[in-house]
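Only the coordinates and a few stated rules stand behind these numbers; no lab work does. Quick caveat: nothing in here was measured; it's all calculated off a predicted structure. Positions of Cβ are generated from backbone atoms using ideal geometry, with glycine treated the same way; all protein chains shown enter the neighbour counts.
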Amino acid sequence: MDYAVILLFNNVSEENINSIILNISKETRNNYMVENNISPHLSISLFEYNESVDKIIKIIEENKNKFKKDLIKIASFGVFNPNVLFLSPVFDKNLSNSNKNIIEILNQIKNIIFNKFYIENNWVPHISLGVKLEQNELLNGIKILTKCFNPMGIEINRIGLVECNPYKEIKIWDL
């Protein structure tokens, strides 16, 4: 089973990002993010684990104080070719520490297999706006972003554990 540990945002930030997601969904007719109720988030770890998720919940609960509320700056948008559009936060020490800390915390549990794209010095922080996009949807999404995107500040105020594919929130903690 694939899981992610994610950072979540305050209501205003979430509404701003959801507005962009809805715009992209409407114009591209790719409704994956909307139909799957994927909350705007920033994944700090992605991993496979086939045992009881209770161990993961417990260890995050015990270590959630290592993560802090934060204001991140969204300076640009980007593409993971061939099918993902995302917002790109400025990569700073706090984001780096969030990724590093969660890897150290989860490494205490046996049999976790980390996704190589979410480990330290290989992780590209991003907030997905559209996924599973066909080439024409991706290009239309870029056109939309060139019209509606403005740099912004986003407030991180929660951390969560989610199941991936399909997306399902398992546990959310306030910071």
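Miscellaneous remarks
- Each Lys and Arg contributes +1 and each Asp and Glu -1, all at the Cβ; summed about the Cα centre of the chain, the dipole is approximately 300 debye.
- Compactness relative to 2.2 N^0.38 Å, alpha carbon Rg of the stretch 2-88: 1.27
- Reachable aspartates and glutamates from Lys69, criterion Cα separation under 19 angstrom, eight or more residues apart if same chain: Glu14, Glu15, Glu61, Asp92, Glu155, Asp174
- Subtracting the Cα-Cα distance of Val131 and Asn101 from their residue separation scaled by 0.36 nm leaves 8.1 nm.
- Mean residue ellipticity, 222 nm, helices only, the chain: the sum of -39500 (n - 2.57) across DSSP H runs of n ≥ 4, divided by residue count and rounded to 500, is -10500 deg cm²/dmol.
- Whole-Å distance, taken between Cα centres, linking the stretch 38-55 and the stretch 116-146: 19 Å
- For the chain, a Kirkwood hydrodynamic radius built from all Cα pairs, placed in the Stokes-Einstein relation at 10 °C and 1.306 mPa s, yields a translational diffusion coefficient of 96 µm²/s.
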